[in-house]
Every structure is written in C-alpha cells, then in structure tokens.
Amino acid sequence: MTAPVAVALDAPDAATAVRWAAAVAPHVQVLKVGLELFCATGPGIVDEVRHDRDVFPDLKLHDIPNTVAGAARAVARLRPRFLTVHAAGGADMVRAAVEAAPDVTITAITVLTSLTAAHLEAVGLVGPPADAVRRLAVLAVEAGAGALVCSPQEVALVRSVVGPDVVLVTPGVRPAGSAVADQARVATPQQALADGADLLVVGRPITGAADPGDAARDLAASL
C-alpha cells in the first residue's frame with residue numbers, strides 16, 4: 001500500500017529527478033515537480049517522472065486572472081492531479097484557474113511554511129499566520145479550489161473551517177529527528193495526519209537520504 005505522501009522532486013536536472021521518482025514511486029501516492037525542476041527541464045518532466053502515480057506540478061501561479069487561466073490551461077494538457085496557485089492572488093484569480101483546468105485539482109497555497117509572524121508583518125499582514133491561513137483558505141474554497149496547502153500547525157484549524165471534502169496538502173512535514181532547514185512551521189507526519197491532513201509533502205528527508213527508496217519505504221511503513 002502506498003502512503004499519502006507527495007515526494008518533492010526538487011532536483012536540479014531530469015536524470016536525478018527520474019532516478020528519485022523510480023525509487024520512491026512504489027511507496028508513495030504522488031510525485032511533486034517543483035518550480036526549479038520544471039524551469040530547468042521543461043514540461044516534459046511531468047511525464048518522465050510519472051511512474052503510474054499522480055503528478056503534482058507545484059508552480060505556485062500568482063498573476064492577473066487572465067494570465068493564470070492561460071497558464072493553468074497549458075499545464076492541464078500534462079494531465080496533472082494537482083496544480084498550485086497562490087490564494088493571495090484573490091478569488092477571481094483562483095476561480096480563473098479552476099475554470100481553465102476543470103480536470104485538475106486547483107490547489108491554493110495559503111501561507112508559505114517558511115514564513116513566520118514577523119515575515120508576514122514585514123509585508124503588511126499583521127497578526128499570527130493562522131489568521132491569514134484561515135482567511136485565505138475560506139477565500140480559495142469559495143472560489144472553487146479543491147485543495148489547500150497549509151502548514152501542519154494550521155491543518156486542524158483549516159479542516160474545521162472548510163469541512164471534510166477539501167484536500168489538505170501539508171508541507172513542512174519533518175520526521176522526528178530530521179533537520180528543519182528553511183521551514184518555520186513544522187510537525188511530524190503522524191501529527192499532521194492526526195490533525196486532518198490528506199497529503200504530506202516530504203522532500204529532503206527522503207531525497208537527501210543515502211537511499212531515497214528506502215527512506216520512502218520506511219516513512220510509508222511508519223504511517
């Protein structure tokens with residue numbers, strides 16, 4: 001059985017990403033193609049890493065509605081399961097992506113897991129991250145987003161306000177003992193699932209391991 005994990009294939013080149021994908025695919029449900037890999041290799045990488053799994057281009061689209069609609073329409077041709085947009089782009093932008101890619105689960109990012117309250121205040125969002133996450137989650141779901149990205153520290157709150165039918169994608173997941181790196185709002189995989197997450201995004205704890213396949217298998221077994 002595969003685990004509810006999206007492995008972040010944050011590789012600098014296609015060969016590395018394809019190798020990682022082949023190693024982890026037997027153990028996880030989703031393979032996530034990040035912005036660095038997509039830009040370095042082009043859209044074809046989505047099919048190269050698929051391995052009969054759902055693929056998740058994590059492109060974090062954020063622009064005027066017409067531009068985001070065009071980009072979402074183009075990405076939809078790659079047959080992804082998920083595609084990220086920034087909820088901060090506004091309801092019209094999220095709705096444009098949903099309408100342009102009806103067969104893709106448009107996944108709205110609330111507040112990046114690298115941001116703290118101090119970071120948010122510096123860009124004019126005063127208050128704890130949870131407040132911004134809640135507002136953006138409600139906005140995005142009302143605009144048609146089928147999934148949300150939030151940190152594990154807000155997942156229980158988000159679940160309580162959006163109900164059971166929205167997919168909650170949780171980055172900032174770190175197995176016990178793993179380095180936090182540039183993530184600010186983190187939790188263990190087990191805690192994130194217990195709080196209501198549907199899909200855990202895990203990158204460096206798997207891809208940085210000596211054997212990514214073994215790391216993915218061990219994480220899947222622990223869940």
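Computed from the coordinates by the stated procedures, all read-outs in this text should not be read as laboratory data. Nothing here was measured: the structure is a model prediction, and the numbers come from that model. Using ideal geometry, Cβ is built from the backbone for each residue, glycine included, and neighbour counts are taken over all protein chains shown.
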Completion exercise
Between the residues Phe82, Val24, Thr2, the Cα farthest towards the positive end of the dipole of the stretch 1-102, that dipole coming from +1 and -1 charges on the beta-carbon of Lys, Arg, Asp and Glu, is from Thr2
Completion exercise
The Cα extents of the stretch 74-151 along the principal axes, largest first and rounded to whole Å, are 39, 21, 16
Fill in the blank from the handout: Toy charge model, Lys and Arg Cβ at +1, Asp and Glu Cβ at -1: the chain dipole around Cα centroid in debye, rounded to 20, equals 100 debye
Problem - Volume in Å³ per residue [convex hull over Cα atoms, computed for the chain] - result: 115 Å³
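Cα convex hull of the stretch 1-125: mean projected area in nm², to one decimal?
Quarter of the Cα hull surface area: 8.3 nm².
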Handout entry: Radius 14 Å from Cβ of Gly146, net charge of other residues (Lys, Arg +1; Asp, Glu -1)
Key = -4
Handout entry: Whole-number Å³ per residue for the convex hull built on Cα positions in the stretch 38-79
Key = 70 Å³
Problem - Charge context of Arg159, other residues only, Cβ under 13 angstrom, K/R +1, D/E -1 - result: -3
Completion exercise
A correct Karplus calculation of ³J(HN,Hα) over the stretch 42-54, with 6.51 cos²θ - 1.76 cosθ + 1.60, θ = phi - 60°, whole Hz and x for Gly and Pro, returns x, x, x, 5, 4, 6, 5, 9, 4, 6, 6, 10, 5
Exercise for the section: Can you put Val5, Val104, Val123, Val138 in order of Cβ neighbours within 10 angstrom, beginning with the fewest? Expected result: Val123, Val138, Val104, Val5
Completion exercise
Relative to the compact-globule estimate 2.2 N^0.38 Å (N residues), the Cα gyration radius of the stretch 115-170 stands at a ratio of 1.12
Practice task
Would you mind getting the Kirkwood hydrodynamic radius of the stretch 92-223 from its Cα pairs, rounded to one decimal in Å?
Solution key: 15.5 Å
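Per-residue ellipticity at 222 nm for the chain, helices alone: DSSP H runs ≥ 4 residues times -39500 (n - 2.57), over residue total, nearest 500 deg cm²/dmol? The partial results should precede the final answer.
Working: 11 runs with 93 residues, N = 223.
Dividing the helical sum by the residues of the chain leaves -11500 deg cm²/dmol.
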